[in-house]
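Undergrad: Sending over a structure as structure tokens; questions will come in a sec.
Laboratory data are not the source of any read-out in this text; all were calculated from the coordinates shown. Being a predicted model, the structure only gives us computed values, none of them experimental. FYI the Cβ positions are ideal-geometry reconstructions off the backbone, even for glycines, and counts take in every protein chain you see.
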Amino acid sequence: METESMPSTASAVPEKQREKENEDKKDERDKEGEAFALLSHRQRKKMKRMLFNRAEKLSRKEKEKTERKSNRLKRKGEINEMLLNMSTDEREAWRKEAFRKKNEKLKEVQKKEKEMKEKFAKAKQNIVIDLDFDDIMTPAEKQSMVKQMRICYAVNKKAKISTRLHLTSMNGKGTSRDLREKIDGFENWQGIYTHDNSLPFEIERRGMTDNEASIFFKRKKDLVYLTADSPFEISTLNENDIYIIGGFIDRNRHKMKTLNKAEALGIRHARLPINDFPQMKSSSVLTVNQCFEILVTQLEMNDWKQTIERSVPRRKIAAAAKEKLAEAPKTMTASKIPINVDKAVVDGFTDYGELSD
Ligand SMILES: C[S@@+](CC[C@H](N)C(=O)[O-])C[C@H]1O[C@@H](n2cnc3c(N)ncnc32)[C@H](O)[C@@H]1O
């Protein structure tokens, strides 16, 4: 991962730095408290349930880890016992075969890593996730943001055409700190470029080769903030444009947040062309990972309809279908109403179209 190095003051004034970090953490907690206070009773209840489920999940994971370790030890003991019961020749043959298998596996992994590196080296499209929204997220939302970032990375890694994914405001606080602390191996993520600066930025060249720096350097005119609230719609993705996604979760509390930000910064803005697709009618505001996945899929498919069909989750499609069912005329014959909404819709959008029209 290409990273702008953070200036370190730790060795000079550790005491002062600790005090400053504590102050920052306190500020953050205050702001999180403010964001939490803005939630409705239902949202708070939902968030408490989410935190409870998360704690349960953690303890389940811990249990699974211990189980895996004890299974490994058991298997090791079994192998040792098996080897003891073998003749010297048999043991030698077994060891040779085990070594061959291990080598084969290693070569496979190295081959995959090489292919992955080549794929990322070829990536041309730049996408930014703007992480400058810690102030308006609750702790649980920040956690979810980390989860969404994991999904973005997995999507980018799996994609036929990967992108260069830039994270801005990686200033060591809030979400950026959580990303580094909570994701093992985050620093080794490929195709990700982290920047201390907030938008708009004229990226300093620290940690970047000339070629990489030239992508961002003085390119404000190429920045396009993606926002569902924009009156402008993207028709095709342009390799020279740098698309920005607002890296936050707000459960629709902060309408127009990114549109206002783009306008204040004097950069272009646009929405994705998803509003005309029936499955998107329930809500045109996507999550960060959905938005990212649509961009990545579109790079490969170059066809918005196929892109939406492939990247919009079944859940969202089903929700839209339920809405459609509720809207359906009362005279509709029972045979026309699908019993399994999920299935009826996922089987084809045409079935779904029939329902309301
Ligand atoms: C959960 S949304 C945040 C919504 C927020 N109210 C706002 O003002 O953007 C996260 C981000 O996904 C992107 N996004 C979501 N839906 C979009 C759409 N239909 N078109 C373009 N970008 C979208 C935007 O960049 C947005 O900031």
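Undergrad: Would you list, by chain and number, the lysines whose Cα falls below 19 Å from the Cα of Lys26, excluding same-chain residues fewer than 8 positions away?
TA: Once the sequence-local lysines are set aside, what remains near Lys26 is Lys16, Lys142, Lys173.
Undergrad: List the relative contact order of segment 126-309 as a percent without decimals, with contacts defined as Cα pairs under 8 Å and 6+ residues apart.
TA: 27 percent.
Undergrad: If R₀ is 45 angstrom, what is the calculated FRET efficiency for the pair Ser284 and Glu118, using the beta carbon separation as r and rounding to 0.05?
TA: 0.80
Undergrad: Follow-up. Cα-Cα over 18 Å: which of Lys122/Lys157; Lys69/Lys157; Lys122/Lys158?
TA: From the list (Lys122/Lys157; Lys69/Lys157; Lys122/Lys158), the Cα-Cα distance tops 18 Å for Lys69/Lys157.
Undergrad: While we're looking at this one, here's another question. Separation between the Ile151 and Thr236 pseudo-spin-labels, each 7 Å from Cα along Cα→Cβ, expressed in nm?
TA: Taking the two extended label points, one gets 3.0 nm.
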